[in-house]
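In what follows, a structure is listed as structure tokens, so that the remarks can point back to it.
The values are calculated or read from the model by the stated rules, or taken from the named source; none is laboratory data. The shown structure was predicted, so the numbers you read here are calculated from the model rather than taken from an experiment. Every residue, glycine among them, receives a Cβ derived from its backbone with ideal geometry; neighbour counts consider all protein chains shown.
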Amino acid sequence: MPQGKGTYGSKVGRPPAKKKATPKAKPAAKRARSMPLNAKQAKAAIQTLRNDAGAKTYRKNKAKAKAKKK
């Protein structure tokens with residue numbers, strides 16, 4: 001340990017505390033479309049919702065319906 005006046009705090013000891021990172025603000029959620037969809041967009045939107053809700057079940061049921069048609 002160094003000898004002398006005023007050396008303890010300036011020469012030895014803990015390093016200065018690290019600054020904490022400020023959390024970033026989350027982006028605002030996108031609002032739903034207020035304009036009407038055309039037929040193609042509506043089909044795509046419905047299909048996306050179906051895929052999200054249960055793609056496997058939907059595909060299974062669609063395959064059964066297709067098999068019945070034949």
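Answer yes or no: is there a residue in segment 25-39 that is modelled with pLDDT of 80 or more and of a type in the set (S, T, Y). There is no residue in segment 25-39 that is modelled with pLDDT of 80 or more and of a type in the set (S, T, Y). Tallying residues that are in a loop (DSSP other than H, G, I, E, B) and not hydroxyl-bearing (S, T, Y) within segment 33-66 yields 5. When A65, A55, A17 are checked against the criterion of being modelled with pLDDT under 85 and surrounded by fewer than 11 Cβ atoms within 10 Å (Cβ to Cβ), a single residue qualifies: A17.
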